[in-house]
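Novice: This structure is in C-alpha cells; I'll ask about it shortly.
The numbers here are math on the coordinates, done by the rules we state, and not lab data. Quick caveat, the model's predicted, so the values are computed rather than measured. Glycine gets a Cβ as well: all are built from the backbone with ideal geometry, and neighbour counts include every protein chain shown.
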Amino acid sequence: MTRMPTFFISHGGGPWPWMPDWRAQFAPLEASLKEMPNQLPERPSAILMISGHWETDDFAVMSSANPPMVYDYFGFPPETYEVTYPAPGAPDLAQHTLDLITAAGLPARLDPEIGFDHGTFAPLAVMYPEADVPVFQVSMRHNYDPVQHMALGRALAPLRDQGVVIIGSGLSYHNLRLMNETAREPSEAFDGWLNTALALPAEDRTKALENWEQAPHARTCHAKEDHFVPLFTALGAAENDPATRIYHQKDIFGGVTASGFRFG
C-alpha cells in the first residue's frame with residue numbers, strides 16, 4: 001500500500017453543489033475537488049474527514065456502519081434538506097483509529113450515532129459522486145488548541161500507509177459577518193501569510209501554525225477558528241511532507257480569497 005497524501009480543503013458554502021447559482025460561483029473549487037482523486041497513488045481504502053462542523057469535548061470517532069445525514073445549515077432551499085450521501089462507514093477502521101488516538105495519550109471515544117455533516121458530504125459529493133468509498137470522521141475538540149490538533153494528526157499518520165486519505169475540511173477564511181468587498185484585504189493578507197508559512201521547513205512551519213494568531217488579520221479572518229483547525233490535523237499527519245496549493249480562488253462572494261492544500 002502506497003502512502004496517501006493529506007489535504008486541507010475548502011468545503012464551500014452550505015449545500016452549494018445542489019444550488020446552481022452557488023455551484024457556478026464555486027466552479028474553481030469544484031474543479032479542484034474533482035481532480036483530487038487523480039492526485040492519489042491508488043484508490044483509497046477509506047476517507048477520514050476532520051470537519052469544521054463537528055466538535056466535542058474530547059476526540060470522537062464516527063463508528064456507524066451507515067452514517068446518517070446531518071443538515072447543519074439554515075435557510076437553504078427545501079430540496080437541500082433531502083440530499084443524501086449514502087457512503088458506507090468504516091467501523092473497523094474507527095476502532096483502529098480510536099486505538100491510535102488513545103495510544104498517543106489523547107482523550108477519545110467512539111460515537112455510533114453521529115452522521116455526515118455538510119463539511120463532509122458537500123465536498124465528497126463532488127469528489128466521489130458514487131459514494132462508493134467508506135467514509136468516517138474524527139471530531140475537533142472545543143478548545144481548538146493547535147498543539148493538540150497537530151498531535152491528533154501525528155497519531156493518525158499511520159492510517160496513510162493503510163490507504164486512508166486524511167482530509168481536513170474547513171475554509172482558509174471564515175467570517176460570515178465580513179464578506180463581500182470588506183473581506184478582500186484581510187483574506188488576501190492572511191492567504192499570503194498561509195502560503196508562505198506552509199512553504200517553510202517542517203519545524204518552522206509547525207511553529208508558525210502553532211502561532212497562527214500572529215498572522216496578519218488572523219482574528220478578522222477567523223474570529224472563531226473552527227474552520228481553520230482541520231488544517232492543524234492534516235498538517236500533523238504529514239508534518240515533514242511538502243505542501244502544494246491545489247485550490248486558489250479570489251472574489252468569492254465578492255471579495256474573499258481562499259486556498260486549499262495537499263501535503264505529500
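Novice: For a paramagnetic label modelled at 7 Å from the Cα of ALA27 toward its Cβ, which residues of segment 229-260 fall within the zone defined by backbone nitrogen distances under 20 Å?
Specialist: Label zone hits: 246-260.
Novice: How long are the three semi-axes of the equivalent ellipsoid for the chain, computed from the Cα gyration tensor as the root of 5 times each eigenvalue, in whole Å, largest first?
Specialist: Each semi-axis is √(5λ); the values are 25, 23, 17 Å.
Novice: Dipole of the chain, Cα-centred, from +1 at each Lys and Arg C-beta and -1 at each Asp and Glu C-beta, to the nearest 20 debye?
Specialist: The calculation lands at about 440 debye.
Novice: Choose one of PRO230, THR6, GLY75: the residue whose Cα lies farthest towards the positive end of the charge dipole of the chain (beta-carbon charges +1 Lys, Arg; -1 Asp, Glu; about the Cα centre).
Specialist: Looking along the dipole axis, the top candidate is THR6.
Novice: Among THR102, ASN240, SER172, pick out the residue whose Cα is farthest towards the positive end of the charge dipole of the chain, where Lys and Arg carry +1 and Asp and Glu carry -1 on C-beta, about the Cα centre.
Specialist: With unit charges placed on the Cβ atoms, the residue in question is ASN240.
Novice: Same structure again: Would you please report the Å³ per residue occupied by the convex hull of the alpha carbon atoms in segment 149-230?
Specialist: Convex hull of Cα atoms, per residue: 100 Å³.
Novice: Just subtract the alpha-carbon distance of LEU40 and LYS250 from 0.36 nm times their residue separation and send over the number in nm, one decimal.
Specialist: Here the answer is 73.0 nm.
Novice: Choose one of HIS53, ALA189, GLY163: the residue whose Cα lies farthest towards the positive end of the charge dipole of segment 6-263 (beta-carbon charges +1 Lys, Arg; -1 Asp, Glu; about the Cα centre).
Specialist: Most positive-ward Cα: ALA189.
Novice: Can I ask one more? Rounded to the nearest 20 Debye, what is the dipole magnitude of segment 130-192 about its Cα centre when Lys and Arg each give +1 and Asp and Glu each give -1 at the C-beta?
Specialist: 280
Novice: What is the sum of charges, Lys and Arg at +1 and Asp and Glu at -1, for the other residues whose Cβ falls under 15 Å from the Cβ of HIS53?
Specialist: The answer is -4.
Novice: What does the helix-only formula give at 222 nm for the chain: each DSSP H stretch with n ≥ 4 adding -39500 (n - 2.57), the total divided by the residues, and the result rounded to the nearest 500 deg cm²/dmol?
Specialist: -9500 deg cm²/dmol
Novice: Net charge within 11 Å of GLU188 by Cβ-Cβ distance, Lys/Arg positive one each and Asp/Glu negative one each, not counting GLU188 itself?
Specialist: -1
Novice: Using the Cβ atoms and a cut-off under 13 Å, what net charge is assigned to the surroundings of TRP18, where Lys and Arg are +1 and Asp and Glu are -1?
Specialist: Result for the neighbourhood of TRP18: -3.
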